[in-house]
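See below for the structure under consideration.
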There are 2 protein chains.
Amino acid sequence: MTKTAMNYLSALPLRDVRLTRGFLAERARLVRDVVIPYQWEALNDRVAGAERSGCVHNFQVAAGEKPGKFHGLFWQDSDLAKWIEAASYRLATHPDPALDAELDRLIATMAKAQGEDGYLNTYFQLVEPHNRWANLRDCHELYVAGHMIEAGVAHFQATGKRTLLEVVGRFADLIERTFGVGPGQIPGYCGHEEIELALVRLARATAEPRYARLAAYFIDQRGRSPNYLLEETRRRGEDKLPWHMFFDGLATLQADRPVRELAEPVGHAVRQMYLLAAMADLARDLGDASLRRSCDALWESIVRRHLYITGGVGAEPYGEKFGEPFDLPPDRAYAETCAAIGVIFFARRMLELELRGDYADVIERSLYNNVLSGMSLDGTKFFYVNPLEVVPAVARRRYDCHQVKTQRVGWFGCACCPPNVARLFASLGDYVASLRPDGLALHLYAEGDLRFTLSGKEVRLAVRTDYPWTEEIAIEVRPSEPAEFTVYLRIPAWCRGAWVAINGIRSSAGIFPIASGYLVLDRLWQAGDQIVLTLPMPVERMRADPRVSAVAGRVALQRGPLVYCLEEADHGANLAAVRLPKDAELTTRFDDALLGGCVVIEGRATRLQPGRALYDAGETQSVGLPFRAVPYGLWANRGEGEMRVWLHEA
Amino acid sequence: MTKTAMNYLSALPLRDVRLTRGFLAERARLVRDVVIPYQWEALNDRVAGAERSGCVHNFQVAAGEKPGKFHGLFWQDSDLAKWIEAASYRLATHPDPALDAELDRLIATMAKAQGEDGYLNTYFQLVEPHNRWANLRDCHELYVAGHMIEAGVAHFQATGKRTLLEVVGRFADLIERTFGVGPGQIPGYCGHEEIELALVRLARATAEPRYARLAAYFIDQRGRSPNYLLEETRRRGEDKLPWHMFFDGLATLQADRPVRELAEPVGHAVRQMYLLAAMADLARDLGDASLRRSCDALWESIVRRHLYITGGVGAEPYGEKFGEPFDLPPDRAYAETCAAIGVIFFARRMLELELRGDYADVIERSLYNNVLSGMSLDGTKFFYVNPLEVVPAVARRRYDCHQVKTQRVGWFGCACCPPNVARLFASLGDYVASLRPDGLALHLYAEGDLRFTLSGKEVRLAVRTDYPWTEEIAIEVRPSEPAEFTVYLRIPAWCRGAWVAINGIRSSAGIFPIASGYLVLDRLWQAGDQIVLTLPMPVERMRADPRVSAVAGRVALQRGPLVYCLEEADHGANLAAVRLPKDAELTTRFDDALLGGCVVIEGRATRLQPGRALYDAGETQSVGLPFRAVPYGLWANRGEGEMRVWLHEA
């Protein structure tokens, strides 16, 4: 193990991170109590009025347990796989014998459905057995396999049971035999990345490095000449690429060139993020410096040129793609919930490569804004697309806003986002902290208890905070015996003037170093040591780089990690006419009756008044109005109406 | 003739309005010398590299003059008809025996192609004779007939020859027998309006009111229940409407309800404007007060809620349609050249109903901005779509900007706009002035000579001006003998503080009344009387109604009738970062080396500088830069680059 490798970080086991109270814990509870049970009903076709899923049915048919036909799209199995993953995370933190038994039954069915050779994909088994691996470009076959593998790993890690792990292991072995550049092998890869990061998880869970090498094959082969996906297209006798590849061709799938030659994120945003997550994994596990350089370059480009202030990516609805650098229109944002989750996946892996605050800052930004927006306050409805500005009448009327929903919906025909939100919120513990050989790093602040072992000594951290509403985070350190190690506390980039007190003694500036965005508290910790970190959260008027033409000259309000927005519910229609005076005093207040309880930003604004003509040379008249901004992630929980993040100043 | 009717206005014959020098005359000359000859070559398939037209070929085949097949789309004939119209206007103002003879030969061929019963449409004659009138919704059959009729009228008025007029008269007679609610008649109307306004022109040219009644039938029948277009759709066994009607259904064709019930402009913008032009015509010729009320309401709505500052309409590219009120995004504007021409058609007819400055103001706005943008400085290239903001890289990449061309092109597959520009610029005389029983009204100011007769007395007006560059318009009145009549001079709404001098004596305020936007000069005119009108043209910072969300908080520079824009050629890329200080002094200067000679607006602006991060809480730094705005209508004549009309202030 090299020096560098020693500094790699790893997540704590989920069961050792208990979020007990507060904002994130409440979302996790919703997912446990509402979302996961609801989705199980949906996957079993027992939700009246919802679109039929067919997922469980398909496996029962494939297992010979019942007669019937396959239902759904060719990636239908992945909905079930993501749910198994989420349910497993739930079991890890909140044991539940009934759910455990339900999973066992389901997994038994899945094992029966698996082919002799290890193949498992109910669409191709039931509908097109002769076309197995024949259309890697479109059919998501390896993508579905990847989600199955993630489910198997999560189930094993949560329960210790190897039942599903063995199923997916056999499938992975088949894939290993099938794909490659050897004789008789298919030199292909999947049109939708996912298998790569899944194989790394499998390699780690089984301590079988060959799965990581298989992932590396898929990464290395991607985009090489001669191009496999083009050859496959020709072999099928097709004379053109499908519609969603019209503008960017194979770059839509990050397959126009070898991945190490990518300079900008490109194509389908979720695919790009899943690819990068796998590249970061392999940069670590295989010590691949050239992959690391590509990850660094793409990270830099995403964060500097392609990230919405809400932490979303994918500005181009057509093909759900990345757009031109700095092309980040608020009203026509795609900013798919799954793509922001992909950002979080990539950022966490970069963070595990190197403890750098900007990685965790982006995780926090995406989680508290774009991803949060993806789920309703009651956990029953979801956004697929997360614009930063909506005028419902226009969104309904304009074709170029047709992807925008003005209200969250219960389920989607293409139901990728709801179970992705579920598995993320069910595994929040993976993002809260990481262990290093020399200590523990806290990335996200949420009330709860953490447990870990360092040099054979057990340590508990008890975190008490109302973050993100309040500025103070109290941490009690409880080593089983006095121990020297480092507690790294992230100082978010949005925060200026953070300070810390240990056992009531406030540190002077400079006593504790800040390295790469983390406060470094290195000392001999005694049981009962108290750290109090204060992260001042003034309301900030954020401005975008002036190359973001769509919002040039506007400001977005941010307090702590939360981006704020105006809603029609508070101001009436035509939010574009509301002006925030440059000198307006903005106050904050916790309103426990609003949106489940949240800090609102208030002040006086002005509203431009319609004049006599559509265009006029005079100054536009305005009147004052009370102004109230609410967290963007909580928007659209009070009926349909306009919403606007980027505001005009007066 | 009622009192009201007596005040109706009419255009002077084209030959009596000679534009001799200056900005508009130069465009008219380009059309005469470049566009009309070029288009004739294109219509004869003699332009190397251009898409094949087939127009003349189709008529020769239909006439039995040559063997061959029909080429093109089912409205192909209309390209030729619009060209005949433009060529006829050219003959009216600039006699040309060669062109005259060419037209005679063409018309002889067309007459031979006409069916025994009067039918004339080469597509249906050569390709689908059995489907005549079977798909009024899509096939533009009456639309093409309308353009044929306009061509016949224009040719007759220009040359006095009845050759083509008789052809189209026989066709109109067939249409009259075919359509209606009588026994054996088709109770239908065209999916694309045009026949209606054409029939009014035919009625006036032939003094046959029955053609106006036929137009009235088409107007009255449109959108009535049971809906003819729906019945026709069902009869063809189609189970859904075509894609472009997806959002608005029959309203896309203004056919979802009787036209008198329209409250907002809706659907395909060109169709809506052609419909309104015909409605205004009929309100006049038939004294139909309910049509007049609808025209008034729609005019008000268009001007107050749907008009781009450039005088364009149609904000929704999908289906080339009107959008929601106030939804006028600058970058995704459709603002089709033909739609702005339609605005001018409608406005002129409203103006002929009632002398009101706002009608002529809109003509001027649309002509000098949106329509002017439609044609390149050299007359060889055209825009179909006229956005108010372009970033070429983004326009090429984003699907929702795919309609935007960053450079004008030579011809289009659907070549409606170039010949429409040609016929408008070839008939500018129709818009310059109108005759009333009591005098003459001048709407547009351009150097030239006008000739008219009032109460039997011949009058000439000699106009000398460099408008729109200079503020002064000198008019010499030359009645054949002293005569009392009124000269109405439009005082544009953009102008404050206009003043007039007669024979060197400057009028004091209030001496001459201004009525509905026109200065009323009523006196006994002597030969040689000199009027000098001065229209001060300071640079104005125009602001849109704050309900125009897309440009709320921005300003557009306007001087006189011209809207200005920034171009990358003068400022480099990223025009969104350029800020116009609120107190910046703006000067104007005629630059005779730029864009064929034009007034530029200059001053000092600032440019926001990129910061360290994509989003930042600090004030954005900026640097000063010289600033130069050029007339919007002349943009994109200096290579590809960004362009921006709506600017941010600092």
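The values are calculated or read from the model by the stated rules, or taken from the named source; none is laboratory data. Quantities reported herein were computed from a predicted structural model and do not represent experimental measurements. Please note: Cβ atoms are built from the backbone with ideal geometry, for glycine as well, and neighbour counts cover all protein chains shown. Each accessible area value is taken on the protein alone, full model and side chains, heavy atoms only, with ligands, DNA and RNA left out. Shrake-Rupley method; radii C 1.70, N 1.55, O 1.52, S 1.80 Å.
In the stretch B:418-481, which strands (runs of 3 or more DSSP E) lie fully inside it and hold 3 or more residues that are among the charged types (D, E, K, R) and open to solvent by 10 Å² or more (accessible area, probe 1.4 Å)? Per the criteria, B:447-454, B:457-465, B:472-479. Taken over the stretch B:607-629, the criterion of being at pLDDT 95 or above and open to solvent by 60 Å² or more (accessible area, probe 1.4 Å) is satisfied by B:Val623, B:Pro626. From the list A:Leu535, A:Leu519, A:Leu489, the one residue that fits, being free of Cβ contacts under 8 Å to residues at least 40 places away in the same chain and closer than 16 Å to A:His443 by Cα, is A:Leu519.
Across the stretch A:109-146, which residue is surrounded by the most Cβ atoms within 10 Å (Cβ to Cβ) among those that are of a type in the set (A, V, I, L, M) and more than 30 Å from the chain's Cα centre (by Cα)? Full working, then the answer.
In the first step, residues of the stretch A:109-146 are kept if they are of a type in the set (A, V, I, L, M); the result is A:110-111, A:113, A:120, A:126-127, A:134, A:136, A:142, A:144-145.
With more than 30 Å from the chain's Cα centre (by Cα) added as a condition, the list becomes A:113, A:126-127, A:134.
Numbers: A:Ala113: 23, A:Leu126: 17, A:Val127: 14, A:Ala134: 15.
Ranking the qualifying residues of the stretch A:109-146, first place goes to A:Ala113.
Within the stretch B:382-406, work out how many residues are in a loop (DSSP other than H, G, I, E, B), open to solvent by 40 Å² or more (accessible area, probe 1.4 Å) and more than 8 Å from chain A (Cβ to nearest Cβ). Outline the logic, then answer.
Residues of the stretch B:382-406 that are in a loop (DSSP other than H, G, I, E, B), as a first pass: B:383-388, B:391, B:398, B:402-406.
Right, trim to open to solvent by 40 Å² or more (accessible area, probe 1.4 Å) and you get B:391, B:402, B:405.
With more than 8 Å from chain A (Cβ to nearest Cβ) added as a condition, the list becomes B:402, B:405.
The qualifying residues number 2.
The residues on offer are A:Ala315, A:Ala289, and the sole one that is away from chain B (no Cβ under 14 Å) and either surrounded by fewer than 22 Cβ atoms within 10 Å (Cβ to Cβ) or under 19 Å from the mean Cα position of the chain (by Cα) (or both) is A:Ala289. The residue of the stretch B:350-381 that is surrounded by the most Cβ atoms within 10 Å (Cβ to Cβ), among those that are among the aliphatic types (A, V, I, L, M) and part of a loop (DSSP other than H, G, I, E, B), is B:Leu355.
For the stretch B:235-246, name all the residues that are within 14 Å of chain A (Cβ to nearest Cβ) and open to solvent by less than 60 Å² (accessible area, probe 1.4 Å).
So the first thing to find is which residues in the stretch B:235-246 are within 14 Å of chain A (Cβ to nearest Cβ), and the list is B:243-246.
Matches in the stretch B:235-246: B:His244, B:Met245.
Of the residues making up the stretch A:63-104, those that are more than 18 Å from the chain's Cα centre (by Cα) and β-branched (Val, Ile, Thr) number 1. Checking the conditions here, which among B:Leu214, B:Leu199, B:Leu230, B:Leu164 is assigned by TED's automatic domain parsing to the domain that holds B:Leu253 and either more than 26 Å from B:Arg137 (Cβ to Cβ) or in contact with a Gly (Cβ under 7 Å, 6 or more places away or on another chain) (or both)? Sole residue among the options that is assigned by TED's automatic domain parsing to the domain that holds B:Leu253 and either more than 26 Å from B:Arg137 (Cβ to Cβ) or in contact with a Gly (Cβ under 7 Å, 6 or more places away or on another chain) (or both): B:Leu164. Scoring B:Val266 on the criteria (1) in a loop (DSSP other than H, G, I, E, B); (2) β-branched (Val, Ile, Thr); (3) open to solvent by 10 Å² or more (accessible area, probe 1.4 Å); (4) closer than 26 Å to B:Gln558 by Cα leaves a single failure, condition (4). Name the residue that is farthest from the other protein chains (Cβ to nearest Cβ), counting only residues in the stretch B:318-328 that are open to solvent by 20 Å² or more (accessible area, probe 1.4 Å) and closer than 21 Å to B:Gly191 by Cβ. Checking each candidate, the answer is B:Glu320.
Is it the case, given these coordinates, that A:Ile219 is of a type in the set (A, V, I, L, M), under 18 Å from A:Trp75 (Cβ atoms) and crowded, with 22+ Cβ neighbours inside 10 Å? When the stated conditions are applied, A:Ile219 does not pass them. If the condition is being away from every other protein chain (no Cβ under 13 Å) and β-branched (Val, Ile, Thr), then the stretch B:564-593 contributes B:Thr587, B:Thr588.
Do we have B:Glu585 as among the charged types (D, E, K, R), under 30 Å from B:Leu454 (Cβ atoms), open to solvent by 10 Å² or more (accessible area, probe 1.4 Å) and assigned to a loop (DSSP other than H, G, I, E, B) here? No: the conditions fail for B:Glu585.
Within the stretch B:512-563, restricting attention to residues that are of a type in the set (Val, Ile, Thr), part of a strand (DSSP E or B) and within 13 Å of another protein chain (Cβ to nearest Cβ), the residue that is farthest from B:Ala605 (Cα to Cα) is B:Val563.
Screening A:Asp79 against (1) more than 24 Å from A:Leu120 (Cβ to Cβ); (2) touching a residue at least 60 places away in the same chain (Cβ under 8 Å) leaves a single unmet condition, (1). Count of the stretch A:292-312 residues, restricted to those that are out of contact with any Phe, Trp or Tyr (no Cβ under 9 Å at 6 or more places or on another chain) and more than 14 Å from chain B (Cβ to nearest Cβ), is 5. Residue by residue through the stretch B:607-629, note down the ones that are more than 7 Å from every other protein chain (Cβ to nearest Cβ) and not in a loop (DSSP other than H, G, I, E, B). Result: B:Arg607, B:Ser622, B:Val623, B:Gly624, B:Leu625, B:Pro626, B:Phe627, B:Arg628, B:Ala629.
Take the conditions farther than 27 Å from A:Ala81 by Cβ, within 14 Å of chain B (Cβ to nearest Cβ) and open to solvent by less than 50 Å² (accessible area, probe 1.4 Å) and apply them to A:Pro492. Does it pass?
Values: farther than 27 Å from A:Ala81 by Cβ: yes; within 14 Å of chain B (Cβ to nearest Cβ): yes; open to solvent by less than 50 Å² (accessible area, probe 1.4 Å): yes.
Here the answer is yes, as A:Pro492 does meet what is asked.
Within the stretch A:595-602, one or more residues are more than 13 Å from every other protein chain (Cβ to nearest Cβ) and open to solvent by 20 Å² or more (accessible area, probe 1.4 Å). For the stretch B:339-349, the condition holds for no residue, the condition being that it is part of a loop (DSSP other than H, G, I, E, B), within 14 Å of another protein chain (Cβ to nearest Cβ) and not acidic (Asp, Glu).
Scanning the stretch A:559-577 for residues that are at negative phi, small (Gly, Ala, Ser) and open to solvent by 10 Å² or more (accessible area, probe 1.4 Å) turns up A:Ala569, A:Ala573.
All of (1) surrounded by 22 or more Cβ atoms within 10 Å (Cβ to Cβ); (2) in contact with a helix residue (DSSP H, G or I) (Cβ under 6 Å, 6 or more places away or on another chain) hold for A:Glu176 with one exception: (1).
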